[in-house]
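The numbers here are math on the coordinates, done by the rules we state, and not lab data. Everything quoted here is computed from the prediction, not taken from an experiment. Don't worry about glycine lacking a Cβ; one is built from the backbone with ideal geometry, like all the others, and counts go over all protein chains shown.
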Amino acid sequence: MRRFFTSIWRVFTAPFRWIGKIVGNVRAFFMDEPEDAPLPDAFAKAIQQPVGILEHLDALRKHLFRAIIVLVVATAFAFIFIQDLLAWLTQPIGGLDSLQAIEVTEPLGVAMRVALLAGFAIAMPYIAFELWLFAGPGLKRSARLRGLFSIPLVVVFFVSGMAFAYYVMLPTALPFLLNFLGIPAVVRPDSYIRFSTGLMFWIGVSFQFPLVIFALAGMGLVKAHTLAKNWRIAVILIAVLAAAITPTIDPVNMGLVMGPMILLYFLSIGLAYLAQGRREKETD
């Protein structure tokens, strides 16, 4: 009889013990302070003890696996609204009726590409959260909190970059491309969707640059003074990157890409100063 009541008690208290275990793990995750070792010493330790590298790789595999599962689910969810997404995405060129498919599998490939981009945008908060969980044990407590609160900013910057590409770049680039030399063009769905989604994705990724610089400055890998001193070189590199991203060769569209990226670079310098100042205070 005693064993029976003990089993009932364990079943009844199982949810509370599970919640307590989660709370304990979360508390330990935020309260543990890792050893602040210089980067060369940490690298030398990793070379001497390669088992630790394998453990980190296994942890990274688990985080990436969960992120991929969420990405697949988000892509399947976006596929439900694929007709509305395609109608919205083709508005700058005149709608779906202005596109003409040539291959049999072209509409399906176009739908999958759009659903994947929409699914990535939906799943991006969770993907950033998994990356934060992977990097968290090696960060200080203050850096963990800043990383957690910066996840919404990652989404905001990415969506802002996609919106800039859709509402500013596409309406400017398409008339130039379609009316170049006065040659009439019959636009294929695969060509247009590949062009528009690729532009939106890479502009969204480039808008993450300030957050990346902020994180690197917080870890002491980048100095704000160095970024400010080498701004001329940065402008040249931004011009090269803009030329690679820009779908046209005219300076107007290239300038539309360079302008926000230069502003983001100087914003990165300011964020680097903030992160560097916080790191110096914590070190003191």
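Taking other Cβ atoms within 10 Å as a rough exposure proxy, 202, 231 sort from fewest to most as 231, 202. How big is the gap, in Å, between the Cα center of segment 101-126 and the Cα center of segment 162-206? One Cα centre to the other: 16 Å.
What does the net charge come to around residue 187 if you take all other residues with beta carbon closer than 15 Å to its beta carbon, with K and R at +1 and D and E at -1? Around residue 187, the surrounding residues sum to -2.
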